[in-house]
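The values are calculated or read from the model by the stated rules, or taken from the named source; none is laboratory data. Given the structure is predicted, the values throughout are model-derived calculations rather than measurements. Positions of Cβ are generated from backbone atoms using ideal geometry, with glycine treated the same way; all protein chains shown enter the neighbour counts.
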Amino acid sequence: MNLKLYEFDVLEAELTWLLSAHRLAFAAACCERLLPNYSLVRQEDGWGDPSILRNALNEVWFFIQGQPISGEQIRQLLKVCSEVVPHADDVSGSQYDVEAQEAASAICFSLEACLDPTPKNIIKVAKSVMNTIDGYLTAMKDIENPNWWDEKSLEEQKKEFALHPLAMREIAKQSEDLQSLKNVDKLDSSFLEWLRTSSDNQGKSLINLP
């Protein structure tokens with residue numbers, strides 16, 4: 001497979017061949033790599049509650065394992081999580097507002113996918129991953145060279161970001177997860193534990209924060 005940071009047609013095709021629970025497992029694994037970013041807003045701005053998102057993501061994993069959770073319970077979790085998605089006015093004191101917003105949004109998208117696990121809904125989580133990498137690298141570029149926007153076309157900027165080590169590592173991990181999910185029929189506890197923790201980055205997120 002040939003996944004790309006800004007293109008999702010290959011990922012959507014791969015997801016089409018997976019069972020619903022396998023798709024959700026892919027999304028949940030992506031969220032595990034995003035979630036540490038949310039804690040930065042709490043540390044810098046005192047806003048939000050990472051435990052709400054952590055608990056919700058745990059429930060997604062329980063759901064994947066077949067534990068019964070009603071649609072009403074999922075909708076209630078979604079409501080609570082939606083209330084802790086940070087917006088610019090909420091976290092003006094944090095430089096990582098975009099990263100935190102995408103982490104919280106991805107978990108909300110995963111909860112929505114529990115109700116309707118279509119490939120398109122899973123893609124929303126993958127787009128949160130892309131937005132996180134793009135936003136972080138953009139901010140770093142702006143610090144290094146405020147005029148960089150004028151020096152390269154949008155396509156050149158995207159190509160540079162897609163080849164950045166952070167982006168390449170994430171795309172490689174998504175490819176590994178998809179291949180592993182294609183190779184297993186049953187999502188037993190040992191496999192899911194591997195999927196949940198195999199991308200552990202010493203407690204850091206996919207962009208090496210915090």
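Of GLN101, GLN73, all but one fail to be at pLDDT 95 or above, surrounded by 12 or more Cβ atoms within 10 Å (Cβ to Cβ) and assigned to a helix (DSSP H, G or I); the exception is GLN73.
Tell me whether the stretch 106-117 contains one or more residues that are in a helix (DSSP H, G or I), small (Gly, Ala, Ser) and modelled with pLDDT under 95. For the stretch 106-117, residues in a helix (DSSP H, G or I), small (Gly, Ala, Ser) and modelled with pLDDT under 95: absent.
Only residues that are in a helix (DSSP H, G or I) and either touching a residue at least 40 places away in the same chain (Cβ under 8 Å) or under 15 Å from PRO36 (Cα atoms) (or both) were counted in the stretch 60-70, giving 4. Screening LYS79 against (1) assigned to a helix (DSSP H, G or I); (2) surrounded by fewer than 23 Cβ atoms within 10 Å (Cβ to Cβ); (3) touching a residue at least 12 places away in the same chain (Cβ under 8 Å) leaves a single unmet condition, (3). ALA172 falls short of the stated requirement of being buried (at least 16 other Cβ atoms within 10 Å of the Cβ), of a type in the set (A, V, I, L, M) and within 17 Å of the chain's Cα centre (by Cα).
Can VAL125 be described as farther than 16 Å from TYR96 by Cβ and β-branched (Val, Ile, Thr)? For VAL125, the condition - farther than 16 Å from TYR96 by Cβ and β-branched (Val, Ile, Thr) - is met. Which ones in the stretch 139-163 are of a type outside the set (A, V, I, L, M, F, W, C) and surrounded by 15 or more Cβ atoms within 10 Å (Cβ to Cβ)? If the condition is that a residue be of a type outside the set (A, V, I, L, M, F, W, C) and surrounded by 15 or more Cβ atoms within 10 Å (Cβ to Cβ), then LYS141, GLN157, LYS158 are the ones that fit.
Scanning the stretch 133-155 for residues that are of a type in the set (Gly, Ala, Ser) and within 26 Å of ALA103 (Cα to Cα) yields GLY135, ALA139.
If you take the residues of the stretch 193-210 that are in a loop (DSSP other than H, G, I, E, B) and polar (S, T, N, Q), which of them is farthest from the chain's Cα centre (by Cα)? Only one residue fits best here, namely GLN202.
Counting only residues that are touching a Cys at 6+ places or on another chain (Cβ under 7 Å) and closer than 14 Å to ALA167 by Cβ, the stretch 120-134 holds 2 of them.
The sole residue among SER190, SER180, SER128 that is within 20 Å of TYR6 (Cα to Cα) and in a helix (DSSP H, G or I) is SER128.
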